[in-house]
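What follows is one structure encoded as structure tokens, with my remarks underneath.
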Amino acid sequence: MDTAANENRQAATMNSVTAEAVPEAAVVTPRPAPKMSSRRSSMPSWLMKIIAPLLGLAFLVLIWQIIAMSNSQFPTPLLTLQEALKLFADPFYRTSPNDQGIGWNILASLQRVAVGFGLAALIGIPLGFMIGRFKFLSSMFGPIISLLKPVSPLAWLPIGLLVFKSANPAAIWSIFICSIWPMIINTAVGVQRVPQDYMNVARVLNLSEWKIITKILLPSVLPYMLTGVRLAIGTAWLVIVAAEMLTGGVGIGFWVWDEWNNLNVPHIIIAIVVIGVVGLLLEQLLVALAKAFTYEQVSN
Amino acid sequence: MEPRDAKFIDIHQAEMVFNTSKGQFHALRDINLTVRKGEFVTLIGHSGCGKSTLLNLIAGLLLPSDGVLICANREIAGPSPERAVVFQNHSLLPWLTCHENIHLGVERVFSATENKSALKERTKAALAMVGLTAAGQKRPHEISGGMKQRVGIARALAMEPKVLLMDEPFGALDALTRAHLQDELLKIVAKTESTVVMVTHDVDEAVLLSDRIVMMTNGPAATIGDIVQVRLARPRERVALAQDPLYAEYRTSVLEFLYRKQAHPVAQAA
């Protein structure tokens, strides 16, 4: 695998993507330590790989403990762990619409992300293809995209509420808006960067437009498209928490806000960890998907 | 021989001017060249002399700013499978197997007249011709550079083109692989009686393979400086030719042109 080239390509694409997505992107590549360092230390490298993250975690817990001891309102790690065990013992209870298990809340958020994200992919990817393929469309939509891309997706929430007259579609609308930009931009960049050699092959073989799309454009754009999808899902997961805090109902974001109103700080901390874990899993899922569809570039 | 075959490819007063961001670039001027049917012509010159541009003009990948290019009595108005190109970097699609890469062209040319199994047979025959039957199901990154280039040649020849255009096809290969592929190309061309136009910067390659060597002057505004007729009997054999005085003479006259009359432009030494 030509990972170095891929890395470059992704780095290049990231520059052109929403500001919110960049911190996500920075976390994506946990590279194994270079071989040099394992030679300097006497520990075997697999042990280093386990010990270093554990030390980091221990450090975090220690800081937390110190904060908890100096502030009586802040729960200790142990107390939070006990609360978490209680919470996860029954994640799928449902007593009233406003009192449901954490599992239901996570699923509700994931469902919104899936719908908004899916709609964005359905519209954004074909649009990106067209913008990449036709210079006129690129000049036509370029300024609009540049103008709307930096707008926080939450600023679109009132428009969603106004149009859809309901909280749930409005939240989905925010997800849609934030996911669509990276998908359009990355797909368009991918189409523009299809190697000229491949297009020359298409011209010499006189391939039909359908064959050009299925045999040349799609496979060579796919890695770019998946980078866009990956950035989009990261942003979508960031946005849904904030959107749900505003819209209410069921969802992990609403749950955080609800627990704040109950002044249940351990639950808020648990929610933060859960949000992080789910985001990480989504990201990893798409990284794996992207790897499976990345082809080695032709070189001698 | 019919006049039509004598002027199978006919280039008349071709000019090529590129519009770049730094203004116009006059790449080629006054190109007049005819290629006989079944002839093997090489274009040689220093880098930047526009030999690839001329090949792309014949391929139809570029259209001339002025002048006319004719192939088999029809003006060249764009790329076509009848003028197949073997690219320098072979340009195989990395997501397709070798078989599929070749099949893509075969399908396009013959699917109107032949059924699926016949198309498959053609693809297999092309792979067999370049000795790669066993590598059919491999993807390009799983095979060596020489093998990739052979697949590129097979892809071009499988379409039964009227003209085979090759843009420094062996330029990126090591010397031994290159020699091996040159020998193979000689055999294939003898068997298929193809008309070939090939760009090269290798003097030995040019003398070994060609009927005529077209030597280009340095750019900008490059043109054909001189043409050497290579009257060496075929089939040619590399080792025997090394001691042939006629071979040495052709070699010297090409070297003379390249290094005395058209000394390498320093600015483009890379």
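The values are calculated or read from the model by the stated rules, or taken from the named source; none is laboratory data. Since the model is a prediction, treat every value here as computed from it, not as a measurement. Please note: Cβ atoms are built from the backbone with ideal geometry, for glycine as well, and neighbour counts cover all protein chains shown. Surface areas here come from the heavy atoms of the whole protein model, side chains and all, with no ligands, DNA or RNA. Shrake-Rupley method; radii C 1.70, N 1.55, O 1.52, S 1.80 Å.
Restricting attention to segment A:185-210, the residues that are polar (S, T, N, Q) and within 14 Å of another protein chain (Cβ to nearest Cβ) total 4. For segment B:178-188, residues that are open to solvent by 20 Å² or more (accessible area, probe 1.4 Å) and under 24 Å from B:E100 (Cα atoms) total 1.
Give B:L186, B:L173 a once-over and let me know the one that is hydrophobic (A, V, I, L, M, F, W, C) and within 14 Å of chain A (Cβ to nearest Cβ). Outline the logic, then answer.
Details: B:L186 fails: within 14 Å of chain A (Cβ to nearest Cβ).
From the options B:L186, B:L173, the qualifying one is B:L173.
When restricted to residues that are more than 17 Å from A:I270 (Cα to Cα), part of a helix (DSSP H, G or I) and not hydrophobic (A, V, I, L, M, F, W, C), segment A:65-97 contains 1. Checked against (1) in contact with a helix residue (DSSP H, G or I) (Cβ under 8 Å, 6 or more places away or on another chain); (2) over 22 Å from B:E256 (Cα atoms); (3) open to solvent by 10 Å² or more (accessible area, probe 1.4 Å); (4) within 14 Å of chain A (Cβ to nearest Cβ), B:H141 passes all but a single condition, namely (1).
Could you check B:A72 against (1) surrounded by fewer than 24 Cβ atoms within 10 Å (Cβ to Cβ); (2) out of contact with any helix residue (DSSP H, G or I) (no Cβ under 7 Å at 6 or more places or on another chain); (3) within 11 Å of chain A (Cβ to nearest Cβ) and say which number it fails? Only one criterion is unmet by B:A72, namely (3). Of all residues in segment A:178-210, those satisfying the criterion of being surrounded by 24 or more Cβ atoms within 10 Å (Cβ to Cβ) and closer than 25 Å to A:I233 by Cβ are A:C178, A:S179, A:I180, A:W181, A:P182, A:M183, A:I184, A:I185, A:N186, A:T187, A:A188, A:G190.
Of everything in segment B:46-69 that's open to solvent by 30 Å² or more (accessible area, probe 1.4 Å) and not aliphatic (A, V, I, L, M), which residue is farthest from the other protein chains (Cβ to nearest Cβ)?
Here is the first cut: in segment B:46-69, the ones open to solvent by 30 Å² or more (accessible area, probe 1.4 Å) are B:47-48, B:52, B:56, B:62-66, B:68.
Those still in the list that are not aliphatic (A, V, I, L, M) too: B:47-48, B:52, B:56, B:64-66.
Numbers: B:S47: 18, B:G48: 19, B:S52: 12, B:N56: 9, B:P64: 17, B:S65: 19, B:D66: 22 Å.
Per the stated criteria, the residue is B:D66.
Kindly state which helices (runs of 4 or more DSSP H) lie completely within segment A:211-300 and contain at least 1 residues that are open to solvent by less than 30 Å² (accessible area, probe 1.4 Å) and within 14 Å of chain B (Cβ to nearest Cβ). Break it down into steps so the answer makes sense when it comes.
Details: elements: A:218-247, A:252-261, A:265-292.
Fully inside segment A:211-300 and qualifying: A:218-247.
If you check A:V151, A:V163, which single one turns out to be away from chain B (no Cβ under 14 Å), over 17 Å from the mean Cα position of the chain (by Cα), surrounded by fewer than 19 Cβ atoms within 10 Å (Cβ to Cβ) and not in a helix (DSSP H, G or I)?
Working: A:V163 fails: not in a helix (DSSP H, G or I).
Going through A:V151, A:V163 in turn, just one is away from chain B (no Cβ under 14 Å), over 17 Å from the mean Cα position of the chain (by Cα), surrounded by fewer than 19 Cβ atoms within 10 Å (Cβ to Cβ) and not in a helix (DSSP H, G or I): A:V151.
Select, from B:R83, B:R74, the only residue that is under 16 Å from B:D10 (Cβ atoms), without any contact (Cβ under 8 Å) to a residue 24 or more places away in the chain and not β-branched (V, I, T). Break it down into steps so the answer makes sense when it comes.
Working: B:R83 fails: without any contact (Cβ under 8 Å) to a residue 24 or more places away in the chain.
It is B:R74.
Note on segment B:155-171: residues that are of a type in the set (D, E, K, R) and on the phi < 0 side of the Ramachandran plot total 3.
For segment B:137-166, the set of residues classified as closer than 14 Å to B:H103 by Cβ, aliphatic (A, V, I, L, M) and not in a loop (DSSP other than H, G, I, E, B) consists of B:V151, B:A154, B:A156, B:L157, B:A158, listed by residue number. If you go through segment B:87-119 and pick out every residue that is more than 10 Å from chain A (Cβ to nearest Cβ), touching a residue at least 12 places away in the same chain (Cβ under 8 Å) and either β-branched (V, I, T) or part of a loop (DSSP other than H, G, I, E, B) (or both), you end up with 2.
Which condition number in (1) more than 14 Å from chain A (Cβ to nearest Cβ); (2) under 30 Å from B:R139 (Cβ atoms) is the one that B:E82 fails? With (1) more than 14 Å from chain A (Cβ to nearest Cβ); (2) under 30 Å from B:R139 (Cβ atoms) applied to B:E82, the lone miss is (1). For B:V35, the conditions (1) among the β-branched types (V, I, T); (2) in contact with a Phe, Trp or Tyr (Cβ under 7 Å, 6 or more places away or on another chain); (3) within 14 Å of another protein chain (Cβ to nearest Cβ) all hold with the exception of (3).
This table checks each residue for (1) of a type outside the set (V, I, T); (2) over 20 Å from A:A167 (Cα atoms); (3) touching a strand residue (DSSP E or B) at 6+ places or on another chain (Cβ under 6 Å); (4) open to solvent by 30 Å² or more (accessible area, probe 1.4 Å).
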| residue | (1), (2), (3), (4) |
| --- | --- |
| A:F88 | yes, yes, no, yes |
| A:R94 | yes, yes, yes, yes |
| A:W104 | yes, no, no, yes |
| A:A108 | yes, no, no, no |
| A:I131 | no, yes, no, no |
| A:F136 | yes, yes, no, yes |
| A:L147 | yes, yes, no, yes |
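Residues in segment B:15-33 that are within 22 Å of the chain's Cα centre (by Cα) and of a type in the set (S, T, Y): 0 in all.
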